[in-house]
Amino acid sequence: MGSGVRRQCSGHLAGDQGGRPDDGEHRRRQHHQRVFSGGTHRRRRLRPLRGLQGGGRGTDPRGGPGTRRTQSTGQRARAGPGGQRCQPDAEHGRLSHGSGPSPVPAPTDDDRRPDRLPALARLSGIVFRHRSDGHRRRRAGVHVRPEAEALPAETPIRPVNPATLVPLSPIAVTTATELDEAAARADAALRSPWTVDGRRRAAALHGWGEALTAHADELAEALVTETGKTVTEAHQEIRACTDALTYNAGLARHLGGVAGTLPDGTMAHVTRQPVGVTAFVVPWNWPMLLLLRDLAPALAAGVTALVKPAPQTSLVTRRVLALGRAAGLPDDVAHLVVGGTEVGRAAVSHPLVRAVAFTGSTAVGTEILQATGAGMKRTLLELGGKGALVICADADVPAAVAAAVRATVVTAGQMCMACTRVLVARPAYRDVLERLTDGLDSIRVGHPGDPSTDMGPLVSPAAGERLAQTLADARVRHDVHGGRQVHLDGLPGNFVRPAVVTEVTPKSPIVQRELFAPVVTVEPFDDESEAVRLVNATDYGLAASVWTRDVHRAWRIARGIEAGTVWVNGYNHSYPETPSGGFKSSGIGRTRGLAGVEQFTELKHIHFAVPAASEPA
C-alpha cells in the first residue's frame, strides 16, 4: 500500500496491462472443494462435506533440519502397486513423483475427489498401513476420542499428472487417531513461546520465504506435475508466496493493543490473542499461494494449524511445510493431515479446532459453515466467483482485451477470480468481440512444462467431460466459438481451446454458473447503470474489473459493483497488503493485509479497577 496516500485528481486513467495471476484463486470450485469424498467401505457412514480435503501430520521425511524421519507409531511399510515394496527417495531433499506405470485414466470422480494423498508417510514413497488392533501405541497425554477408534484406515491415494495421466507417488491417509494427536500437539503449542515471541514468528516466516525462493525450480516442477498449470504460472505462484511470507513476517511484531483511562478513573486494556488451533482446507489449483495467503497471517498472529490440502496437491504441500520447518517453524505449529470424508469432517469439527479457513465452492462452503456454526468457530470462507470485466466506450480496448484474454486462460480457467464475463459498451461491442476471439484463438495450448505454453490441461478427464457437456448444451441456445478438445502427441490429458459464448441473457445458466473452465461470455450494455446491474446479476461477488479513461466513471461503476475487489484498468492485481474476500455467496471474512492477521485473533478487554489514592495524613 505504500507509505503515503496519493490524492486522485480528475482526468484520465492510464490503462494497465493487467497483473500477475493472483490466488490461485483457483478452482473449478467443484473440484477443489469436493475433496471430502469418503470411500464406499465404511463401518459408519458420515454425511460428507464434499469439498474438504485432508492431510496428514506435519513431519516430513525430506524436510531437512528439524524434521523427523522415524516411522510413525503404529505404522508399517507395506507393498505398493504390483506387490513391490515402495522405496524411499534416493534424494531426501526433493519431491519424488515417481514415474508410475504406463498412463492410465484418472478416476471418473476425480473432480470431486482428486485422488487422495498422503498422510503421515515418514519416508517419501513408502506406503504405511495403520494397525487397527489394540496393540497400537499412543503417545502419552494425547486424548483419543472413542469415535476416532471406530474409523478404519483408508487405502493410499495416488494423484494423477493432468497432462500425462500418469499416476504419481502413492501417499497414505491420516487416521482419525493421528488427527487427534496432531490437534492435541497444535493445541499444546499455543502455550509455547511461539504465541508470544513475535521476533521468532517473524524470523520463521522470513526464512520460509527465502527457502521457497531457493527451491523455486523444484517447487515449480512439482506444481506443473500436480496441477497442470504452466511453468510460467508456477513461478508466479512461488514469487507471490515469498511476498506473502515476507509481508506477514513484518506484521508478526506489529500486533498489539491499546490502553486508556475510563471516566471513573479505572483502566481498560484491549489486546489481541491468537484465536487458537485453525484448520486450513486448501484447493488444488493454487495450492501454495492459497495456503500461505491464509497461513502466513495466521502464523503471524500466533495461531497453530492443521493443514488439509487437496489430495491432488498433497505432495507439494508436504514439501512446502517441510521447508518451513527447516526455516524455523516449530514442529508442532503446523501439521499436515490428509484424508477423505471422515478426516475432513474431523478436522473441521474437532473440539480443539477454534477456527476454519476454507477456499472452495460456495456449495461446500455452506456445508462447512453449518458444521462450524454448531461450535461457534471462527470461519473464513473464500468461495465461488463469476469475474466480470467491464469495457467502457472510452477504454483502451487493446489493453482491456489483452487483460481479458490472460484472465480467461489463467490456470485453464480453473480459478475463482478468472475472467468469465466481458461486458462491453455497445459502440465497442463488435471491435471487442473480434479482438477477444482472435486473442483466445492465438493462445498456445500445450505441455505445461514448456515455457512457450500459454495454457495447460484441465485437471482431470471428469473436468473435460463436464466442460464438453456444458458447451454442447450452450451450442443449442447460444453462439459458441472454440471450446473443442485439443489432441497433443504423447499427452493424453484433457486439453481444450478457450471458448467465447455470445447471444446470452443475464439469466442464462452459462452466465449464472461458475464453470471453472476457459469459457467467457460477452454481453453488450447501453449505459453505466446497466453495466452495474449486469455485473451484480449473479449470486457471486468476488472480483470485477472496470476499464475506462474517466476517473469519475471508474469511481461510479466501482462503487456500484457488489464485489470484494474491483480493479480499474487492470485484472488480477493481488498483493499481500490488500484485503481479499467476497460479497454475497462468494465468502465470509477477509484475508491479506492487517485485516487478514486480525481475522485469526480474538479481541479481549481487560479491566483494572484502580483504587483511589489514600488521603495524606
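What to note about this one:
- Any hit, segment 485-504, residues being without any contact (Cβ under 8 Å) to a residue 60 or more places away in the chain, under 30 Å from Ala399 (Cα atoms), touching a His at 6+ places or on another chain (Cβ under 6 Å) and part of a strand (DSSP E or B): yes
- Sole exception among (1) out of contact with any Asp or Glu (no Cβ under 7 Å at 6 or more places or on another chain); (2) modelled with pLDDT of 95 or more; (3) more than 23 Å from Arg318 (Cβ to Cβ) for Leu262, by number: (2)
- When each of Ala240, Ala216, Ala244 is tested for being touching a helix residue (DSSP H, G or I) at 6+ places or on another chain (Cβ under 6 Å), closer than 29 Å to Ala595 by Cα, aliphatic (A, V, I, L, M) and free of Cβ contacts under 8 Å to residues at least 24 places away in the same chain, the lone residue that passes is Ala216.
- Scanning segment 272-304 for residues that are of a type in the set (S, T, N, Q) and in contact with a Leu (Cβ under 8 Å, 6 or more places away or on another chain) yields Thr278, Thr304.
- Residue check: Thr317 meets all listed conditions (1) assigned to a helix (DSSP H, G or I); (2) closer than 22 Å to Gln370 by Cα but one, namely (2).
One line per residue, one yes/no per condition, for (1) under 15 Å from Cys419 (Cβ atoms); (2) surrounded by fewer than 16 Cβ atoms within 10 Å (Cβ to Cβ):
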site: Val476; (1), (2): no, yes
site: Asp489; (1), (2): no, yes
site: Glu514; (1), (2): yes, no
site: Thr538; (1), (2): yes, no
site: Asn572; (1), (2): yes, no
site: Pro576; (1), (2): no, no
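- Residues in segment 315-341 that are among the small types (Gly, Ala, Ser), surrounded by fewer than 24 Cβ atoms within 10 Å (Cβ to Cβ) and over 22 Å from Leu223 (Cβ atoms): Gly328 only.
Conditions (1) surrounded by fewer than 24 Cβ atoms within 10 Å (Cβ to Cβ); (2) farther than 27 Å from Ala347 by Cβ; (3) of a type outside the set (D, E, K, R), marked per residue:
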{"position": "Ala244", "(1), (2), (3)": "no, no, yes"}
{"position": "Ala249", "(1), (2), (3)": "yes, no, yes"}
{"position": "Gly260", "(1), (2), (3)": "yes, yes, yes"}
{"position": "Asn285", "(1), (2), (3)": "no, no, yes"}
{"position": "Leu292", "(1), (2), (3)": "no, no, yes"}
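- Any hit, segment 515-527, residues being within 17 Å of Val424 (Cβ to Cβ), touching a strand residue (DSSP E or B) at 6+ places or on another chain (Cβ under 9 Å) and not in a strand (DSSP E or B): yes
- Being among the β-branched types (Val, Ile, Thr), assigned to a strand (DSSP E or B) and either over 25 Å from Gly228 (Cα atoms) or in contact (Cβ under 8 Å) with a residue 40 or more places away in the chain (or both) holds for only one residue in Val338, Val410, Val356, and it is Val356.
- Members of segment 193-230 that are within 19 Å of Val160 (Cβ to Cβ) and of a type in the set (Val, Ile, Thr): Val224, Thr225, Thr227, Thr230
- Filter pass, Pro448 being out of contact with any strand residue (DSSP E or B) (no Cβ under 6 Å at 6 or more places or on another chain), modelled with pLDDT of 95 or more, surrounded by 16 or more Cβ atoms within 10 Å (Cβ to Cβ) and in a loop (DSSP other than H, G, I, E, B): yes
- Test: residue in segment 455-468 that is farther than 18 Å from Ile510 by Cα and free of Cβ contacts under 8 Å to residues at least 60 places away in the same chain: no
For every residue, the table says whether it meets (1) at pLDDT below 95; (2) basic (Lys, Arg); (3) farther than 13 Å from Ala388 by Cβ.
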residue	(1), (2), (3)
Thr521	no, no, no
Asp526	no, no, yes
Arg533	no, yes, no
Ala537	no, no, no
Leu542	no, no, no
Arg559	no, yes, yes
Ala563	no, no, no
Asn569	no, no, yes
Gly582	no, no, yes
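- Unmet requirement for Gly344, which otherwise passes all of (1) crowded, with 23+ Cβ neighbours inside 10 Å; (2) modelled with pLDDT of 95 or more: (2)
- Selection status of Ala543, surrounded by 17 or more Cβ atoms within 10 Å (Cβ to Cβ) and within 16 Å of Leu467 (Cβ to Cβ): no
- Meets criteria (in a loop (DSSP other than H, G, I, E, B) and within 27 Å of the chain's Cα centre (by Cα)) for Leu458: yes
- Any pair with Cβ under 7 angstrom, 6 or more apart, that starts in segment 525-549 at a residue that is assigned by TED's automatic domain parsing to the domain that holds Ala400 and ends at one that is among the aromatic types (Phe, Trp, Tyr): Ala531/Phe525; Leu534/Phe525; Gly541/Phe583; Ser545/Trp567; Ser545/Tyr571
- From the options Gly265, Gly302, Gly360, Gly328, residue that is in contact with a Ser or Thr (Cβ under 9 Å, 6 or more places away or on another chain) and farther than 19 Å from Ile171 by Cα: Gly302
- One residue from Arg426, Arg406 being modelled with pLDDT of 95 or more, assigned by TED's automatic domain parsing to the domain that holds Ala537 and over 27 Å from the mean Cα position of the chain (by Cα): Arg426
- A count restricted to segment 252-265 and to residues that are in contact with a strand residue (DSSP E or B) (Cβ under 6 Å, 6 or more places away or on another chain) and not in a strand (DSSP E or B) stands at 3.
- Conditions (1) of a type in the set (Gly, Ala, Ser); (2) free of Cβ contacts under 8 Å to residues at least 24 places away in the same chain; (3) in the same structural domain as Glu342 (by TED's automatic domain parsing): number failed by Ala259: (3)
The values are calculated or read from the model by the stated rules, or taken from the named source; none is laboratory data. A quick note: this is a predicted structure, and the numbers were derived from the prediction, not measured. Please note: Cβ atoms are built from the backbone with ideal geometry, for glycine as well, and neighbour counts cover all protein chains shown.
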